[in-house]
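Some notes on the structure that comes next.
The values are calculated or read from the model by the stated rules, or taken from the named source; none is laboratory data. Values in this document were obtained by computation on a predicted structure and should not be read as measured data. Positions of Cβ are generated from backbone atoms using ideal geometry, with glycine treated the same way; all protein chains shown enter the neighbour counts.
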Amino acid sequence: MPHHELPGAAIFHELAGEGRPALVFIHGGGCDHGDWHAQVGALAGDFTVLTLDLRGHGRSTGMVEDCTVERWAADVNALTETLGIGPAVMVGHSLGSRVAAEAAFQQPDNAAALVLLDGSRSVGGFAASAPATDAPAALGGQSLAAVIAATIGPYADESTRRRVTETMTAASLDLLRQTVAAYTAWDTDRADAVFAALPGDLPVLAIQSTYHDNFTPRRSLSAGDTTPYLEFLKRALPQLEVMILPKTGHFAMMERSGEVNAAIRAIAGHTGQDNERERR
């Protein structure tokens, strides 16, 4: 089995394809590398593609208490460097968008571009700081099944719904609780500094299909929408490009794989051209 040994953990990963820049896919909380099946199949013919299970997730090992955004990002950087595939396009979904940004912050030379796929910010950055009186209650206190169903959203087909449900229910409750604690701590303590410090010439694409925060239940977006999270990113990253996928749930890489793959291919191709000019 392809594992990379790191202090306190063995990181499961799969490497496919050839071509530069490489693409590094980072899944969300309670999920695993299999979330990117459609991307591997479509993109490995032209790019080196790395998928992995974050520390404590899937087939990777690691203590739950070691699971933080900073530690996950360090693991991604260590694997990228060991495999010799940087600088790579870091593609992060949900929690993974934070990990991708943190990885680029920790080791800028490892990142050729960032793709933030339906990322979020639970607190700060224009997120709601109190519940709205005219909005339905957020998900606190609901069952795990209800939380997962709301996360998936109403537009996913049955195969996507089954895949996500099986993966997330297989994760331990301790890991899921730690994941929430990890991204909340990162959103509170590091998000502003990390995004502000990213290089101004680093291409960054936000592919957004939903919005939520601690006081706002997740909702799917419509064409032309913006959100507090996107406005935060625009202020921090003047180079940001935004792609809205309307009537789509949280797992856009499965629900709208064709459009997501095309967007990743485009930013990777542009980055590859830039790197080729630099070599000349």
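Taken over segment 254-277, the criterion of being under 16 Å from Ala22 (Cβ atoms) and at pLDDT below 50 is satisfied by Gln273, Asp274, Asn275, Glu276. Only one entry of Glu70, Glu81 meets the criterion of being over 17 Å from Val180 (Cα atoms) and either at pLDDT below 95 or assigned to a helix (DSSP H, G or I) (or both), and that entry is Glu81. A single entry from Ser94, Ser60 fulfils the requirement of being within 17 Å of Leu175 (Cβ to Cβ) and either over 17 Å from the mean Cα position of the chain (by Cα) or free of Cβ contacts under 8 Å to residues at least 12 places away in the same chain (or both): Ser60.
Leu202 fulfils the conditions (1) in a loop (DSSP other than H, G, I, E, B); (2) among the hydrophobic types (A, V, I, L, M, F, W, C); (3) closer than 30 Å to Ser159 by Cα except for a single criterion, (3). Does segment 189-204 include one or more residues that are among the β-branched types (Val, Ile, Thr) and out of contact with any Leu (no Cβ under 7 Å at 6 or more places or on another chain)? Yes, the conditions are met somewhere in segment 189-204. Can you confirm whether Asp213 is in contact (Cβ under 8 Å) with a residue 12 or more places away in the chain, over 19 Å from Gly96 (Cβ atoms) and of a type in the set (Asp, Glu)? Here the answer is no, as Asp213 does not meet what is asked.
Residues considered: Ala10, Ala38. Of these, the only one that is assigned to a strand (DSSP E or B), modelled with pLDDT of 95 or more and not hydroxyl-bearing (Ser, Thr, Tyr) is Ala10. Just one of (1) in contact with an Asp or Glu (Cβ under 6 Å, 6 or more places away or on another chain); (2) closer than 25 Å to Arg161 by Cα; (3) in a loop (DSSP other than H, G, I, E, B) fails for Ala127. It is (2).
When Pro203, Pro246 are checked against the criterion of being at pLDDT 95 or above, of a type outside the set (D, E, K, R) and loosely packed, with under 15 Cβ neighbours inside 10 Å, Pro246 stands alone in meeting it.
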